[in-house]
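To keep things clear, I will list the structure first and then write my remarks on it.
Quick note: the coordinates plus some simple rules give every number you see, no bench work behind them. Just so you know, these numbers come straight off a predicted model, no measurement behind them. Here Cβ is always computed from backbone atoms with ideal geometry, including for glycine, and neighbour counts include all displayed protein chains.
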């Protein structure tokens, strides 16, 4: 890469123009809010320093039917599903890149869950699994029930249905990023493999995946990092009821509930404490995934 | 359509056909969301509730016109919500993309104190799942008077994020030949960037802009908290939902849903190829 080292009077103003506004924004939006959040976690209801919020968290976590405990359990379950299913998502991009029959159609259709806003998707999905639909009727018959169950309003089924909804909607994976990266693989590389008589499995595992490994790993870490901060469809499908609560949904529900009544410092202090504890769980998980990725292939570039 | 099957063994052809069948089922289920929404918008409320998967006895396309009169939330009508969506998704996205692209170009093509560290720090910040700042963010917006304020776009969108990483990857392999030629002709750094580099990077910029625009057009979570009195169309639908169930007008709700989906859908179909082939993250190994 040739860096621009030519001295001219516009060089420094351009660098300042390009770098200063986003960095200032990063300082305010990311650094300041996260530091502020860190300190808020150690403020009690009177504004004094202390561990009141953490004591409350431990107390609520140990209560019967604790939403936070349930949220953590469901979040870790979601993490496991996303982690296990990620290689399949890479395969989806691979087969589309390899022009599986109908690939042009899939390239459009697989992006639809991103195009159709999630409020609409959830409204349709609720009716698809509702008591007037075939799915609920079939589940009722299979379970030997003499009634059609409300799948999203029944603790026995709701969480499974929410997880299946997530698997269904996330089936294509990061198609744009992986597809774009695959398309940059030189044809000669694959052609050479073909001449050597490689099978598709060898081509995928020994040629393509090692070449795009930095992208795959970064994407996987970012997906996992996002998981703890995104409410997904839980908020829209069940509002966290019937055993479906996740940590991010719980935090969002608290924030949404209290934002209606204006700024309420103690609620936000408590949310900050919960966030801090979740960060302490999520960061090692994300770093663990990264370490695992670098063990599989030592060219992880971040 | 079957070009992917050329020069494949029988076993691989069979595999590709099985994969295609699975993909087709999933793809059709996604298309069905759209088709169902469109049909529901032309049914009656009773038909949607009693028999959600049937075709309507009579197609009531007038519901699609009624939306523009009936779809109102908290003193905001369809036009207000459309403006809010365009402002936050359109202006906000443009701001993010310009900031991200300019920052990334500078990082990729200029050497300045700390330039080689910034990218590493940025990736680390984006990869680390740090949570709980929602309360602090609300406090910041509240103290700055940015709750329900259109100016919020300046603070929340002029940001570094995932898009910056895509742009850095793009500009690292970007040919500097035209920029150098322009410099030889006397162009300054601003002229080079805005008149030479950005036009050359148009496919990437367009792909990134559209990807983020579609995401922002559809988002409801942050808007619901930070801009409750400036509802965008998805937030409007979210709030309209309970009202329409109460008023027995699910037909209007789904007609409104379909209308709100259309802009993003049209943009994606028109620019599908640009979006799908212009974006990559990081270089290739080997």
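Label segment A:5-146 by shape, choosing from rounded, prolate and oblate, from the square roots a ≥ b ≥ c of the eigenvalues of the Cα gyration tensor; if a/c is under 1.5 it is rounded, and otherwise prolate applies when a/b is larger than b/c, oblate when it is not. Judged from the Cα gyration tensor, segment A:5-146 comes out oblate (a/c at least 1.5, b/c at or above a/b). Averaged over the residues of peptide A:33-42, the number of Cβ atoms from other protein chains lying within 10 Å of each residue's Cβ is 5.
Among A:194, A:107, A:73, whose mean-square fluctuation peaks in a Gaussian network model of chain A (Cα, cutoff 10 Å)? Ranking A:194, A:107, A:73 by mean-square fluctuation puts A:194 first.
Ellipsoid semi-axes for chain B, based on the Cα gyration tensor and the rule √(5λ), read 40, 30, 18 Å when sorted largest first. Structure remark: mean-square fluctuation, Gaussian network model of chain B, C-alpha springs under 10 Å; the largest value among B:272, B:149, B:188 belongs to B:188. Translational diffusion of segment A:152-226 was estimated from the Stokes-Einstein equation, with Rh taken as the Kirkwood radius over Cα pairs; at 4 °C and 1.567 mPa s the coefficient is 86 µm²/s.
Across every direction, the projection of the convex hull enclosing the Cα atoms of segment B:70-128 has a mean area of 6.2 nm². Stokes-Einstein diffusion for segment B:1-145, with the hydrodynamic radius set to the Kirkwood value over Cα pairs and evaluated at 37 °C in a medium of 0.692 mPa s, equals 147 µm²/s.
No solvent, one uniform scatterer per C-alpha: report log10 I(q)/I(0) for segment B:112-184 via the Debye equation at q = 0.11, 0.14, 0.19 1/Å, two decimals. Here log10 of I(q) over I(0) equals -0.49, -0.71, -0.98. Highest mean first, the peptides A:61-70, A:218-227 sorted by other C-beta atoms within 10 Å per residue fall in the order A:218-227, A:61-70. Taking the average, over residues, of other Cβ atoms within 10 Å as the packing measure, peptides B:136-147, A:136-147, B:61-72, B:219-230 rank B:219-230, B:136-147, B:61-72, A:136-147 from highest down.
With contributions of -39500 (n - 2.57) from each DSSP H run of at least four residues, the per-residue ellipticity at 222 nm computed over the protein assembly as shown stands at -20000 deg cm²/dmol. Counting neighbouring Cβ atoms within 10 Å and putting the fewest first, the residues B:105, B:178, A:258, A:268 line up as B:178, A:258, B:105, A:268. Computed over the alpha-carbon atoms, segment B:3-50 gives an Rg to Rh ratio of 1.35, Rh here being the Kirkwood radius from the mean inverse distance. In terms of its alpha-carbon gyration tensor, chain A comes out oblate; a/c meets the 1.5 threshold, while b/c is at least as large as a/b.
Rg and Dmax of segment B:69-195, both derived from C-alpha coordinates alone, stand at 19.3, 61 Å.
Peptide A:43-53 is shielded by partner chain Cβ atoms: per residue, an average of 0 of them sit within 10 Å of its Cβ. Equivalent-ellipsoid semi-axes for the protein assembly as shown (Cα gyration tensor, √(5λ), whole Å, largest first): 37, 32, 26.
Considering all projection directions equally, how large on average is the shadow of the alpha-carbon convex hull of segment A:72-140, in square nanometres? Write down the numbers at each step before the final one.
Details: hull surface 28.0 nm².
Computed as one quarter of the Cα hull surface, the answer is 7.0 nm².
Convex hull of alpha carbon positions in segment A:72-228: directionally averaged projected area 11.6 nm².
Of interest is the spacing of the C-alpha centroids, which for segment A:88-125 and segment A:1-75 amounts to 33 Å. Can you give the translational diffusion coefficient of segment B:138-286 in µm²/s, computed by Stokes-Einstein from the Kirkwood radius over Cα pairs at 4 °C and 1.567 mPa s? Rounded, D is 69 µm²/s. For the peptides B:38-45, A:152-159, the ranking by mean Cβ contacts within 10 Å, running from highest to lowest, is B:38-45, A:152-159. Estimated from the Cβ-Cβ distance and a Förster radius of 30 angstrom, the FRET efficiency linking residue B:125 and residue A:44 is about 0.55. Neighbouring Cβ atoms from other chains, within 10 Å of the Cβ of residues in A:220-226, number 3 on average. Does segment B:185-229 come out rounded, prolate or oblate by the C-alpha gyration tensor, with a ≥ b ≥ c the root eigenvalues, rounded set by a/c under 1.5 and, if not, prolate when a/b is larger than b/c and oblate if not? Note, shape of segment B:185-229 comes out oblate.
Who wins for biggest fluctuation among A:290, A:56, A:127 in a Gaussian network model of chain A, springs between alpha carbons below 10 Å? Among A:290, A:56, A:127, the largest GNM mean-square fluctuation belongs to A:127.
Here the relative contact order of chain A, from alpha carbon pairs under 8 Å that lie six or more residues apart, stands at 27 percent. Eigen-decomposition of the gyration tensor built on the alpha-carbon atoms of segment A:160-276 gives equivalent ellipsoid semi-axes of 43, 16, 10 angstrom, largest listed first. Once you reduce segment B:37-84 and segment A:141-160 to the center of their Cα atoms, the two points are 30 Å from each other.
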